[in-house]
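Engineer: Quick one: structure below, then a few questions.
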Amino acid sequence: MGEQPIYTTRAHVFQIDPTTKKNWVPASKQAVTVSYFYDSTRNSYRIISVDGSKVIINSTITPNMTFTKTSQKFGQWADSRANTVFGLGFASEQQLAKFSEKFQEVKEAAKLARDKSQDKGETLSNHSQEESGRDTPSSNRASSINGTDDEKFLHVDPEEAVLQTENEHLKSAIEQSDTNAKKWETELQTLRENNARLVDALQESSANVESWKKQLGACKEESDTLREKIAELEAQCNEANQEKQRNAQLSVRVQELEAELHDKEQELENLRKQAEIIPQLMAECESITTKLQTAESRNKELEGRVDGLQLDIDDSQQKQVNMKGELKKFMDMLDGKIDELHEFRQGLSKLGVDN
């Protein structure tokens, strides 16, 4: 029947680091199938696990092996033939317990098979010794029998027939053992090749781990650099937002100043219109002065009418004085407004240059 699986589970497979003998190296990227196999022709048990096309566990169970639970979900065993230590990480404690119980059962079965093989070897050895020790008595008994050869054949000892049968069995067992020895040599060679492949794969994985560590360090440095750049960009964004706020405030202030300027210009326009009336007032003033002079000259001629006209003259003079005072006030106010408008234009021009 060859090898047949007797128990199968899933676990993460690890092997001990051959250099440090302390750290675990993952043999599979994810949980893989781990199976117990029984070889009926050799009466042996093996644990086998394959990840894709790669054999990551090929361990023959011997009575000297021990499966140790190192945590609630992790167990390990040492394989001296493969010169390594295998570790299995399970998804639950129940899976670990089941695997450990199966390991103990397979270990006991391997021990019984070894003891049975040793007992069988000892029995075969004893039978061969008995056969060699019984050759002479049997021949003597056969020679002591009187009669023809046919009669001797009829009187053969039954024990001799049993020995001949056992001898045939021994020959078959020896032939089978030779065949098994050749198979074991082939399997040993295969195991050596697999071990070499595993060593190469382990070295390659170690190199990959170092490469991944370097890449991880480079990624961390790049990440730190990016974080610094992001912090700088955030600071610049904050400054830009503050500048936008200042610009918005300045825009509002400019609009206010433009509105105020428009009001000032309107007021100036009104003042200009009022200023256009001043020449008329001046002309009237000159006309009144002329009239006053004429009145004065006529006063000399008409001294008699002075008293009558004195009141008119006084009123006219008073009006002239009042008009001159108002005109002076108006001129002073106009000069102030012009100066204020000039200062306002200078401030507005300075504000535009700053922006």
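The values are calculated or read from the model by the stated rules, or taken from the named source; none is laboratory data. Worth saying up front: this structure is predicted, and the values here are computed from it rather than measured. Reconstructed Cβ throughout: ideal geometry from the backbone, glycine too, with neighbour counts over all protein chains shown. Ligands, DNA and RNA are excluded from the accessible area calculation, which covers all protein heavy atoms including side chains. Shrake-Rupley method; radii C 1.70, N 1.55, O 1.52, S 1.80 Å.
Engineer: List the residues whose amide H sits under 5 Å from the amide H of Val50, counting only those 5 or more places along or on another chain, with H placed 1.01 Å from N in the peptide plane.
Structural biologist: Amide H neighbours of Val50: Thr33, Ile56.
Engineer: Taking segment 196-313, how many lysine pairs are there with alpha carbons less than 25 Å apart, if each pair must be eight or more places apart or span two chains?
Structural biologist: So the count of such lysine pairs works out to 6.
Engineer: Percent of accessible area on segment 219-355 owned by carbon and sulfur, 1.4 Å probe?
Structural biologist: For segment 219-355, the apolar C and S fraction of the accessible surface comes to 51 percent.
Engineer: Follow-up. Rolling a 1.4 angstrom probe over the protein heavy atoms, how many square angstrom per residue are accessible across segment 228-278?
Structural biologist: Here the per-residue accessible area is 82 Å².
Engineer: Along the charge dipole of segment 221-351, pointing to its positive end and built from +1/-1 on Cβ of Lys, Arg, Asp and Glu, which listed residue (Leu257, Asn241, Thr289) has its Cα farthest out?
Structural biologist: Towards the positive end, the residue furthest out is Thr289.
Engineer: A follow-up question, please. For Ala196 and Lys98, what is the calculated FRET efficiency with R₀ set at 41 Å and r taken between the beta-carbons, to the nearest 0.05?
Structural biologist: 0.80
Engineer: Give the lysines reachable from Lys102 as a straight Cα distance under 20 Å; neighbours fewer than 8 places away on the same chain don't count.
Structural biologist: Cα-Cα hits under 20 Å: Lys69, Lys73, Lys111.
Engineer: Can you tell me the order of 188-196, 50-58 when each peptide is scored by its average per-residue count of other Cβ atoms within 10 angstrom, highest first?
Structural biologist: Sorting 188-196, 50-58 by mean packing, highest first, produces 50-58, 188-196.
Engineer: Take Glu105 and Lys300, extend 7 Å from each Cα along the Cα→Cβ direction, and tell me the distance between the two endpoints in nm.
Structural biologist: 15.8
Engineer: According to the square roots a ≥ b ≥ c of the eigenvalues of the Cα gyration tensor, what is the shape class of segment 263-310, taking rounded for a/c under 1.5, prolate for a/b larger than b/c otherwise, and oblate for the remainder?
Structural biologist: It is prolate, given that a/c is not under 1.5 and a/b is the larger ratio.
Engineer: What is the Cα radius of gyration of segment 226-355 over 2.2 N^0.38 Å, N being its residue count?
Structural biologist: Rg over 2.2 N^0.38 Å, computed on Cα atoms: 2.17.
Engineer: What are the ³J(HN,Hα) values, in whole Hz, obtained from phi via the Karplus relation 6.51 cos²θ - 1.76 cosθ + 1.60 with θ = phi - 60°, for each residue of segment 232-237 in sequence order, with x given for Gly and Pro?
Structural biologist: Calculated HN-Hα couplings, in order: 4, 5, 4, 4, 5, 4 Hz.
Engineer: Hey, rough spin-label estimate for Ala235 and Leu348, points 7 angstrom out along Cα→Cβ, what's it come to in nanometres?
Structural biologist: Modelled inter-label distance: 4.1 nm.
Engineer: Express in whole angstrom the spacing between the alpha-carbon centres of segment 57-83 and segment 205-271.
Structural biologist: Rounded to whole Å, the Cα centres lie 63 Å apart.
Engineer: Under a plain spin-label model, where a point goes 7 Å from the Cα along Cα-to-Cβ, how far apart in nm are Glu269 and Arg246?
Structural biologist: Inter-label distance under the simple model: 3.6 nm.
Engineer: Okay, next question. Write down the accessible area per residue of segment 279-351 in Å², having rolled a 1.4 Å probe over the full set of protein chains.
Structural biologist: 80
Engineer: Extension gain Thr41-Glu221, at 0.36 nm per residue separation less the Cα-Cα distance, in nm?
Structural biologist: 58.9 nm is the gain from fully extending Thr41 to Glu221.
Engineer: Taking a point 7 angstrom from the Cα of Val254 along the C-beta vector, which residues in segment 312-355 have backbone N less than 18 Å away?
Structural biologist: 345-355
Engineer: Return the carbon/sulfur percentage of the accessible area of segment 1-117, one whole number, probe 1.4 Å, all protein chains in place.
Structural biologist: 49
Engineer: How do 107-117, 244-254 rank on mean C-beta neighbours within 10 Å, highest first?
Structural biologist: For the peptides 107-117, 244-254, the packing ranking is 107-117, 244-254.
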